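**Q** Take a look at this one; I'll ask things after.
The values are calculated or read from the model by the stated rules, or taken from the named source; none is laboratory data. Small disclaimer: the values here were computed from a predicted structure and weren't measured. Glycine also receives a Cβ, built like all others from the backbone with ideal geometry; neighbour counts cover every protein chain displayed. Calculation scope for accessible area: heavy atoms of the full protein, side chains included, ligands and nucleic acids excluded. Shrake-Rupley method; radii C 1.70, N 1.55, O 1.52, S 1.80 Å.
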Amino acid sequence: MSETLHMHYDTENEALVLTTPKGLRIVLSDKDQSICLKDLHHNTLTMNHEGIALHSPLKISINAGAELALKASGQVTINGAMVMIN
């Protein structure tokens, strides 16, 4: 595997693409007005016109040492095979 950091500007997609030697990837897209981070475990963080999206094939954990506030001016939906609130 190459030990070279790859950075190129894709003129067709108007995106700056940064890829590390092990395959971590950041895409800054002027065309889509978005930022996308990807790792080798298929986890992604995307910021675009729809908002912020976290995707993982495994687990997403949110931990706060003191306080955590969730607030929405619209609907809040929680879906799961089992939902536990304590």
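**Q** For a test of the definition: using alpha carbon positions, the gyration tensor, and the 1.5 limit on a/c, classify region 1-62 as rounded, prolate or oblate.
**A** The shape class here is oblate.
**Q** Further question: Determine, from the Cβ-Cβ distance of Ser73 and Ile35 and an R0 of 35 Å, the FRET efficiency 1/(1 + (r/R0)^6), rounded to the nearest 0.05.
**A** So, using R0 = 35 Å, E works out to roughly 0.90.
**Q** If you count only protein heavy atoms and use a 1.4 Å probe, how large is the accessible surface of Val83, to the nearest 10 Å²?
**A** 80 Å²
**Q** For the chain, report the accessible area per residue in Å² (1.4 Å probe, heavy atoms, rounded to an integer).
**A** Accessible area per residue, the chain: 91 Å².
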